[in-house]
Amino acid sequence: MTEQDKILDTVTKQEYKYGFVTDIESDTIEKGLNEEVVRLISAKKQEPQWLLDFRLKAYRKWLEMKSPNWAYLKIPSIDFQDIIYYSAPKQKKQLNSLDEVDPELLETFNKLGIPLEEQKHLAGVAVDAVMDSVSVKTTFKETLAERGIIFCSFSEAVREYPDLVKKYLGNAVPYADNYFAALNSAVFSDGSFCYIPKGVRCPMELSTYFRINAANTGQFERTLIVADDDSYVSYLEGCTAPQRDENQLHAAVVEIIALERAEVKYSTVQNWYPGDKNGKGGIYNFVTKRGICRGDFSKISWTQVETGSAITWKYPSCVMLGDHSTGEFYSVALTNNHQQADTGTKMIHIGKNTRSLIVSKGISAGVSNNSYRGLVKVASRADKARNFSQCDSLLLGDKCGAHTFPYIECSNKTAILEHEATTSKISEDQIFYCNQRGIGTEDAIGMIVNGYAREVLNKLPMEFAVEAQKLLQISLEGSVG
Amino acid sequence: MLQIKNLHASVDGKEILKGISIDVKPGEIHAIMGPNGSGKSTLANVLAGHEKYEVTEGEIFFEGENLLELAAEERARNGIFLSFQYPIEIPGVSMVNFLKTAVNEHRKHKGLEPLTASQFLKLMEEKKKVVEISSQLTNRSVNEGFSGGEKKRNEIFQMAMLEPKLAILDETDSGLDIDALRIVAKGVNTLKSPHNATIVVTHYQRLLEYIVPDYVHVLYNGKIVKSAGKELALELEKKGYDWIKNES
Ligand SMILES: Nc1ncnc2c1ncn2[C@@H]1O[C@H](COP(=O)(O)OP(=O)(O)O)[C@@H](O)[C@H]1O
Ligand SMILES: [Mg+2]
């Protein structure tokens, strides 16, 4: 092993920092999945008939489908009968203030560095904290309500705004879209709903912290964001999960709908438990995220920093239906130890003069595998569609892998599609240069990696960018020998 | 300040330095000259602690401490600065972020509080004037897209920021025009004090007109074949390196 590899080897063996389990009584149902379970979930949530029908259709479709196997991933077979499909922290009554929240729950948030009390005062951030499957507390609601903005848990939206939910649910991600989306549509427990009315610019970043907690509980969240004409919203999603041995399945669905001239920015920092150094445990993250630029001149922008999970299968996509609409995808995906990530995007150009931009930065360390998979599709009527894709890979050490799978389907001759790709390694000389200026090796690697990812990190809201930078560094840290 | 005793070093199993001894005292300037491939950069890198080079024999002491026991970053924090012959590009890492981290690591080592952003920027403005480096360069990523001369000037700028006790300049003059050369020399001379020392590695005696050495050592084939006062540089210039090669 060369000296550099030795350094990288030790540097990349950092244990997960947020590994702890909260002991909260959970209201769970029996393991396993069948039509009765789907009905039970719906009943527990006192849902209307149309939603139960949606779930049942999805469930029946799911039974006919097969788990996708085209990704560059080794996915252990998942026993869907060994998963608990509903779990809610026990709560006797509606909570009026944070004082009434289970102190242990608050403590968990504190360990994660999410002091809810302070969040309330923090200017500009409203938090809808999701612990397991039920929203525990929503803040800043009143401020938002003044502008007619709806930001609440999905269940609450079903109760309070059934017409909106019914109108848009499944628009971007139909229940039959793919195996995991169908599963989610059948058993989703909760999530977030957001509606920005016509002409309203959401004055603050809307932020959701997700957390997986109860052991053996698959997490199936559903997020629906609707931006009406001429509106704007920036939405943040961030997550961490406690350490445990059994693999945990996570199959969320996020749908975004942007109407005429509306703009939605969706940013994610994902830090779920990646498994230990030997590849034991960790979250399986199979997410379906899609936005539809339905209106002319609308814009949807995905920014993601992915550092966690044992397996990541995730392709935030944009369907550019409206003329002159724009889709963007900025991604940093870091894999270490035995992690596997197959992530990328789909940009579907349907409207005329639509534009899309893809900036993907993969970072692989340890014995991990990191793949970019991207599809740029131009429909026949999408005159003058444009796409630019930049896909870079950075390798730390020589036992990890980086792979790029760009696909293009173009049915319009006026389209201009450009693709650039690079692969590089952190060089021993770069690290030595930093060392020579007094900067230690861990900090040097963190600095170099952050520099490499800067173009994407710059797209994140300020406070998130700082968090993401730390996360990249932490994910690579270890004891330097 | 610096004692190098019978230093042998090899890279990839090949011996490059074959018994070097140099003694540098505070306030002194030593020039190391020699033809290409004689081991000048190897010596500079060994002093700075590059792990690629293996010291097989000999000792190095810096201010009484065994330098060979220290990692590269510890040597840097103790006051050893290397101006690289080929400075490295670090894309996406801003000069400000890079230098602020470096300066604060040095301060931490001395038990000082880190500089705040505004204190740091003030220091940077001050030092920028010394080496006449433009904000256009310092606002970019570390060495990214810099010309050869700009990289060299940036090395001297970093040296000014870090105020080392021992500066090793590895062919900082090569690729510089006369104006840039004068500025580099000014930077070195401004920093000169009875407490610090400089080792100037160079090919030509040109730089030594501006930075006047107390000693000149000629390195050839991994050995110091001649040491004398500054007049040796002139003699070398006149007679060429063949003279040394023939003598040794
Ligand atoms: N990685 C390496 N493997 C083998 N030989 C090397 C390596 N790096 C440098 N050398 C050799 O070491 C000798 C000294 O190089 P260097 O110290 O760069 O000389 P100088 O700076 O005096 O021009 C040269 O012969 C060079 O080819
Ligand atoms: Mg050299």
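A few points about this structure:
- Any hit, segment B:33-40, residues being under 30 Å from A:Val456 (Cβ atoms) and out of contact with any strand residue (DSSP E or B) (no Cβ under 7 Å at 6 or more places or on another chain): no
- Filter pass, B:Ala71 being farther than 28 Å from B:Leu236 by Cα, under 14 Å from the mean Cα position of the chain (by Cα), aliphatic (A, V, I, L, M) and away from ligand 2 (no atom under 16 Å from the Cβ): no
- Unmet requirement for B:Ile156, which otherwise passes all of (1) within 16 Å of ligand 2 (Cβ to nearest atom); (2) more than 13 Å from every other protein chain (Cβ to nearest Cβ): (1)
- When residues of segment B:104-160 are limited to those that are polar (S, T, N, Q) and in contact (Cβ under 8 Å) with a residue 40 or more places away in the chain, the one farthest from B:Lys186 (Cα to Cα): B:Ser141
- Meets criteria (closer than 16 Å to B:Val216 by Cβ, within 9 Å of ligand 1 (Cβ to nearest atom) and away from chain A (no Cβ under 14 Å)) for B:Ser38: yes
- If only residues of segment B:135-148 that are open to solvent by 50 Å² or more (accessible area, probe 1.4 Å) and assigned to a loop (DSSP other than H, G, I, E, B) are counted, the one that is farthest from the other protein chains (Cβ to nearest Cβ) is B:Ser147.
- Taken together, B:Ala76, B:Ala31 contain a single residue that is within 16 Å of the chain's Cα centre (by Cα), within 24 Å of B:Asp173 (Cβ to Cβ), within 15 Å of ligand 1 (Cβ to nearest atom) and buried (at least 21 other Cβ atoms within 10 Å of the Cβ), which is B:Ala31.
- Restricting attention to segment B:170-206, the residues being within 15 Å of ligand 1 (Cβ to nearest atom) and not polar (S, T, N, Q) number 9.
Conditions (1) of a type in the set (Phe, Trp, Tyr); (2) more than 10 Å from chain B (Cβ to nearest Cβ); (3) surrounded by fewer than 24 Cβ atoms within 10 Å (Cβ to Cβ), marked per residue:
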| position | (1), (2), (3) |
| --- | --- |
| A:Ala415 | no, yes, yes |
| A:Glu420 | no, yes, yes |
| A:Thr423 | no, yes, yes |
| A:Asp429 | no, no, yes |
| A:Cys434 | no, no, no |
| A:Arg437 | no, no, no |
| A:Asp443 | no, no, yes |
| A:Gly451 | no, no, yes |
| A:Arg454 | no, no, yes |
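- One residue from B:Lys108, B:Lys128 being farther than 24 Å from B:Ala72 by Cβ, open to solvent by 10 Å² or more (accessible area, probe 1.4 Å) and either among the polar types (S, T, N, Q) or at pLDDT 85 or above (or both): B:Lys128
- Residues that are in a loop (DSSP other than H, G, I, E, B) and away from ligand 2 (no atom under 16 Å from the Cβ), drawn from segment B:159-174: B:Glu163, B:Pro164, B:Lys165
- Of all residues in segment A:271-307, those that are in a strand (DSSP E or B), closer than 18 Å to A:Ser368 by Cα and in contact with a helix residue (DSSP H, G or I) (Cβ under 9 Å, 6 or more places away or on another chain) total 3.
- Residues of segment B:41-64 satisfying the condition of being among the aliphatic types (A, V, I, L, M) and either open to solvent by 60 Å² or more (accessible area, probe 1.4 Å) or more than 13 Å from ligand 1 (Cβ to nearest atom) (or both): B:Val55, B:Ile60
- Against the test of being crowded, with 24+ Cβ neighbours inside 10 Å, more than 22 Å from A:Val158 (Cα to Cα) and at pLDDT 90 or above, the options A:Ser267, A:Ser231 yield a single qualifying residue, A:Ser231.
- Any hit, segment B:189-198, residues being more than 13 Å from chain A (Cβ to nearest Cβ), within 30 Å of A:Asn450 (Cβ to Cβ) and crowded, with 23+ Cβ neighbours inside 10 Å: no
- Residue check for A:Asp398: within 14 Å of chain B (Cβ to nearest Cβ) and open to solvent by 30 Å² or more (accessible area, probe 1.4 Å): no
- Test: residue in segment B:115-124 that is facing chain A (nearest Cβ under 10 Å) and either modelled with pLDDT of 95 or more or surrounded by fewer than 21 Cβ atoms within 10 Å (Cβ to Cβ) (or both): no
- Being modelled with pLDDT under 95 and either within 14 Å of chain A (Cβ to nearest Cβ) or away from ligand 2 (no atom under 16 Å from the Cβ) (or both) holds for only one residue in B:Met1, B:Met33, and it is B:Met1.
- The one condition from (1) over 25 Å from B:Gly49 (Cβ atoms); (2) touching a Phe, Trp or Tyr at 6+ places or on another chain (Cβ under 6 Å) that B:Pro164 does not meet is (1).
Residue by residue, here is whether (1) closer than 23 Å to A:Ala453 by Cβ; (2) without any contact (Cβ under 8 Å) to a residue 24 or more places away in the chain; (3) open to solvent by 10 Å² or more (accessible area, probe 1.4 Å) holds:
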{"site": "A:Ile257", "(1), (2), (3)": "no, no, no"}
{"site": "A:Asn271", "(1), (2), (3)": "yes, no, yes"}
{"site": "A:Asp276", "(1), (2), (3)": "no, no, yes"}
{"site": "A:Asn285", "(1), (2), (3)": "yes, no, no"}
{"site": "A:Arg290", "(1), (2), (3)": "no, no, yes"}
{"site": "A:Asp296", "(1), (2), (3)": "no, no, yes"}
{"site": "A:Lys299", "(1), (2), (3)": "yes, no, yes"}
{"site": "A:Ile311", "(1), (2), (3)": "yes, no, no"}
{"site": "A:Tyr315", "(1), (2), (3)": "yes, no, yes"}
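- Residue that is farthest from A:Asp53 (Cα to Cα), among those in segment A:151-179 that are over 18 Å from the mean Cα position of the chain (by Cα) and among the hydroxyl-bearing types (Ser, Thr, Tyr): A:Tyr161
- In the set (1) within 14 Å of chain A (Cβ to nearest Cβ); (2) away from ligand 1 (no atom under 16 Å from the Cβ), B:Ile88 fails one condition alone, (2).
- Evaluation of A:Asn458 against (1) within 14 Å of chain B (Cβ to nearest Cβ); (2) closer than 30 Å to B:Gln85 by Cα; (3) open to solvent by 30 Å² or more (accessible area, probe 1.4 Å) (one fails), failing number: (2)
- The condition of being closer than 20 Å to B:Gln158 by Cβ and either within 16 Å of ligand 1 (Cβ to nearest atom) or surrounded by 20 or more Cβ atoms within 10 Å (Cβ to Cβ) (or both) does not hold for B:Val225.
- B:Val46 vs. criteria among the hydrophobic types (A, V, I, L, M, F, W, C) and either within 16 Å of ligand 2 (Cβ to nearest atom) or within 12 Å of B:Asp170 (Cβ to Cβ) (or both): yes
The values are calculated or read from the model by the stated rules, or taken from the named source; none is laboratory data. Fair warning: this is a prediction, and the values are worked out from it, not measured in the lab. Cβ atoms come from the backbone with ideal geometry, glycine included; neighbour counts cover every protein chain shown. Just so you know, the surface numbers come from the protein's heavy atoms only, side chains and all, with ligands and any DNA or RNA stripped out. Shrake-Rupley method; radii C 1.70, N 1.55, O 1.52, S 1.80 Å.
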